[in-house]
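Okay, structure first, notes after.
Please treat every number below as a calculation from the coordinates, not as lab data. Since the model is a prediction, treat every value here as computed from it, not as a measurement. Neighbour counts are summed over all protein chains in view; Cβ atoms, including those assigned to glycine, are modelled from backbone coordinates with ideal geometry.
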Amino acid sequence: MPTIGVLALQGDFAKHLAMLKKLHVPTVEVRDRTALERVDGLIIPGGESTTMGKLLNRYEMMEPLRMFAETGKPIFGTCAGVILLAKQIEGSDQLRIGVLDVEVKRNAYGRQIESFEADVLVPQIGELPVRGVFIRAPVIKQVQNGVEILARYGDDPVLVQEGTILAATFHPELTDDTRIHAYFLNFFH
Ligand code: GLN
């Protein structure tokens, strides 16, 4: 059984930890490089990507995180986590890990519907849709070769995978549905 770290510098990491506990997975709250060395995979939660980027930089975790991804250790980012993983962020030079070959636009759903819920079909995990909770979510504007689109909302990719990196612009940890986390745990088999 792999040990999964949840980046716990800022944001809704507690919900991811609760989800992993429900799946009986050993977890570690990751706040520094030492903790990162102890885990087999990592979840980067939603929150504020600029704040998390600054903290990662201050704690000298950017380079270790890039190595973590490069060596094929699985990473799952949700919402702000996707922004931190993205190589391109439209109109922003904010600090990022930059290992997922997509372009995102932050807060791109506009004011009225900047937070909303919608059913999202993810064929890989079954016929029943997941309830997508979108909170000031980014839009994935472009994906490069090698990035697989697992689900869309309208035309926009909302769940993508590149190798052992999984990225959801919505928040599966805020529902009772464990299937997306379980899908991520399959990366370890
Ligand atoms: N809007 C946030 C950002 O740009 C992301 C929101 C979230 O993670 N729920 O970082």
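Summed over region 96-110, residues that are assigned to a loop (DSSP other than H, G, I, E, B), over 15 Å from Gly77 (Cβ atoms) and either among the aliphatic types (A, V, I, L, M) or within 16 Å of the chain's Cα centre (by Cα) (or both) total 2. For beta carbons closer than 8 Å, sequence separation of 6+ or different chains, a first residue in region 117-145 that is closer than 12 Å to Val160 by Cα and a second that is among the polar types (S, T, N, Q) and surrounded by fewer than 20 Cβ atoms within 10 Å (Cβ to Cβ), the qualifying pairs are Gln142/Gln88. Can you tell which of Gly41, Gly46 is in contact (Cβ under 8 Å) with a residue 24 or more places away in the chain, under 22 Å from Phe134 (Cβ atoms), crowded, with 17+ Cβ neighbours inside 10 Å and not acidic (Asp, Glu)? Within the list Gly41, Gly46, the selection yields Gly46. Only one entry in Gly126, Gly91 is away from the ligand (no atom under 14 Å from the Cβ), surrounded by fewer than 16 Cβ atoms within 10 Å (Cβ to Cβ) and of a type in the set (Gly, Ala, Ser), namely Gly126. Being of a type in the set (D, E, K, R) and either within 17 Å of Ile180 (Cβ to Cβ) or away from the ligand (no atom under 16 Å from the Cβ) (or both) is the filter here, so list the residues in region 131-154 that pass it. Of everything in region 131-154, those that are of a type in the set (D, E, K, R) and either within 17 Å of Ile180 (Cβ to Cβ) or away from the ligand (no atom under 16 Å from the Cβ) (or both) turn out to be Arg131, Glu148, Arg152.
What are the residues in region 152-162 that are surrounded by 16 or more Cβ atoms within 10 Å (Cβ to Cβ), over 14 Å from the mean Cα position of the chain (by Cα) and of a type outside the set (D, E, K, R), if any?
Tyr153, the sole residue that qualifies.
Which one is nearest to the ligand (Cβ to nearest atom), of the residues in region 17-27 that are free of Cβ contacts under 8 Å to residues at least 60 places away in the same chain and buried (at least 17 other Cβ atoms within 10 Å of the Cβ)? Filtering region 17-27 for residues that are free of Cβ contacts under 8 Å to residues at least 60 places away in the same chain and buried (at least 17 other Cβ atoms within 10 Å of the Cβ), the one nearest to the ligand (Cβ to nearest atom) comes out as Leu17.
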